[in-house]
Every structure is written in structure tokens, then in C-alpha cells.
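The values are calculated or read from the model by the stated rules, or taken from the named source; none is laboratory data. Not measured: the values here are computed from a predicted model. With ideal geometry, Cβ positions are generated from the backbone for all residues, glycine too; neighbour counts draw on all protein chains shown. Heavy atoms of the whole protein, side chains included, go into the accessibility calculation; ligands, DNA and RNA do not. Shrake-Rupley method; radii C 1.70, N 1.55, O 1.52, S 1.80 Å.
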Amino acid sequence: LSVMGPPNAVYYKEEDKMHDQRRAGGGGDKVTSARGDFFFNYFGVGVDVLFDKRTCNAKKIILHCNPPHHRDFNAYSKCNFSIPGGIGPDSKWEDVQRVLGQASGRPVVNDRGSSENPFGPTFFHGYNNVIFEVLQNGCLASVCLFATLS
């Protein structure tokens, strides 16, 4: 973080569990959603970092490829990353498979509804500690790096 500086935005994920909180002096219960883990968003370099709310350790790093036919186009700059074997933000899914081999299992399909995404669904393919978001045309949309929980 000392190299990246302060984020452009912070996004708090909501906890899955609801909890009760007493209203001061009101005598009743108010159900609210607690803040969970949080993202630091670096739009100018195309990176999001997810932090654990308890330990403040980084859990995930998302690298955005910024293809023009993705719903997040121009929300982030292209992250100019390099994964050993020649994989970068302009790589195609076939390039990833040539370097890393076939992904195990079927991809998770994210269609987010046609009204929100006129470009069609994206496909999430998983390998050990990395998930590739791939567009229908084979372009990479994002790469998510994460540590295996012990």
C-alpha cells in the first residue's frame, strides 16, 4: 500500500449474517447489516484489493483488463500485469490454456441479466489460486489472484 498510495474508493462488502443492535433509549431491536471485508479500488491502475475485516490482510487481488466489450469498460484503466508464460491483459483464453493447460471443471457463468450487460455473459475459469474472467470472444476481462485458506 505504501507504493500504491490511498485508494480511489473503498467498497465494504455486507456481512452474510444479520445481527441485532439495540437502539439507544428506544427499547426496541433494530436489525442492521454489519460491514464485512472491504475492497480498495485503484481505478487508475486497474486493480482492486480485498482485505479481511478482522486481520486487514489482503485476501484477493483483482487485475482488470479493460476490454472495450466488457460492462466495466473504462471504469478501470488496463492493468499491465504479466503472468509467467507470457500471459497479460491482452492475452486470449486460448493463450492461457496453452500456458496453464485446461481448467478443471466447467466455468461459472455470470450473466448478470441482459439489461445490465448488453455484451452477454462472462465465464469464470479456475486454476490453483487464480480465476480468469473470460468474455464470449475469448478476451480476458479480469484475473483474480487469491491465497488458499488453511
Members of the range 82-98 that are modelled with pLDDT of 95 or more and β-branched (V, I, T): I87, V96
What is the residue count in the range 117-127 for residues that are modelled with pLDDT under 90 and open to solvent by 40 Å² or more (accessible area, probe 1.4 Å)? 2
Scanning the range 28-76 for residues that are part of a loop (DSSP other than H, G, I, E, B), open to solvent by less than 50 Å² (accessible area, probe 1.4 Å) and modelled with pLDDT under 90 gives G28, H70, D72
The residue that is modelled with the lowest pLDDT, considering only those in the range 130-150 that are surrounded by fewer than 19 Cβ atoms within 10 Å (Cβ to Cβ) and in a loop (DSSP other than H, G, I, E, B), is S150
Counted residues, the range 77-109 - those being surrounded by 14 or more Cβ atoms within 10 Å (Cβ to Cβ), closer than 18 Å to F123 by Cα and either charged (D, E, K, R) or touching a residue at least 60 places away in the same chain (Cβ under 8 Å) (or both): 2
Any idea which residue in the range 107-116 is modelled with the lowest pLDDT, counting only those that are part of a loop (DSSP other than H, G, I, E, B) and in contact with a strand residue (DSSP E or B) (Cβ under 9 Å, 6 or more places away or on another chain)? R112
